[in-house]
Structure formats: C-alpha cells, structure tokens
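Remarks on the structure that follows.
The values are calculated or read from the model by the stated rules, or taken from the named source; none is laboratory data. Only a predicted model underlies this, so the values are computations on that prediction, with no experimental measurement involved. Cβ atoms come from the backbone with ideal geometry, glycine included; neighbour counts cover every protein chain shown. What goes into the accessible areas is simple: the full protein's heavy atoms, side chains included, and nothing from ligands, DNA or RNA. Shrake-Rupley method; radii C 1.70, N 1.55, O 1.52, S 1.80 Å.
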Amino acid sequence: SAEDARSGTIPLSPTSLGVNIFVPITVNQDAGATVATDITVFNAGQAGGDTQVVTVTNPTTSDILTWTVDSDATWLGLSPASGTTESGTFIITIQAANASATSRQGVVTVTASNGTTATIIVIQAGTG
C-alpha cells in the first residue's frame, strides 16, 4: 500500500564468466505520501454551534497532496471541502442541536489525491 516502506534483495549470478558468483543488490522504497489530521476525535456539546479547526498534513514525505473532506452526518458542516497539505485546514461545525437523550456520532473522512485517508470521529452530547 502507499503507507508501507519496503525493501528487497535481488541476487545476480553472472554465468558468462563461468563462475557462479552471487551479487546481492538491495532496493529500498520509502513509505509513500499519506494524509493525516491533527485530531482523531471531536467531542461537541448538545446545543450545536461548536466548531473545530482541523489541520491536514502529509507526515511521511515532503510531497504536497490535494484532499477533499466529507461526512456521513447531515448535522456536520465542513468548510472548505478541499485543500492541500501545504497549508491545509478545514472547520467542522455542529449545525444542529442533538434532541436525543443519548449522544450521536458522525464520521469525517479526509481523502487525499493518492487515495490515502484519515478519519475523525465527531461525538455530539445528548440532552441526558
């Protein structure tokens, strides 16, 4: 996957010399670029209106990634909906009060242009 560094060895045996000599060649591949956020959980109050600024980075390489952000919950606002890891931030806004006695949960997913993702769990308190 894009997140895993890997290494391998290739044995070479030149037969044209009439001698059986193995020459190991090691190939190293660094971990690829990944997207990450500075938080993984956002706990919000029941009334709504809470906000959280989220910073998006690429902690594994100096590559600049473009990203988009989406949520599975209609009560979460996300702005802006895209950016880059060069200077990337977005804001999560709790757009509605939670009328339930129990807390509710939404998932915010940041997806980078290379397919890597980062998730944030948003928990909004209930009335109870």
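Quick look at the values:
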| quantity | calculated |
| --- | --- |
| Condition met for Ile121 (at pLDDT below 95 and either surrounded by 17 or more Cβ atoms within 10 Å (Cβ to Cβ) or in contact with a strand residue (DSSP E or B) (Cβ under 7 Å, 6 or more places away or on another chain) (or both)) | no |
| Residues located in the stretch 80-128, provided they are under 18 Å from Asp50 (Cβ atoms) and of a type in the set (D, E, K, R) | Arg104 |
| Qualifying strands (runs of 3 or more DSSP E) (wholly inside the stretch 52-127; at least 2 residues being over 15 Å from Ile39 (Cα atoms)) | 66-71, 76-79, 82-84, 104-112 |
| Test: residue in the stretch 27-41 that is touching a Gly at 6+ places or on another chain (Cβ under 6 Å), open to solvent by less than 60 Å² (accessible area, probe 1.4 Å) and at pLDDT 95 or above | no |
| Residues of the stretch 57-106 satisfying the condition of being farther than 30 Å from Thr127 by Cβ, out of contact with any Asp or Glu (no Cβ under 6 Å at 6 or more places or on another chain), free of Cβ contacts under 8 Å to residues at least 24 places away in the same chain and open to solvent by 70 Å² or more (accessible area, probe 1.4 Å) | Ser62, Glu86, Ser87 |
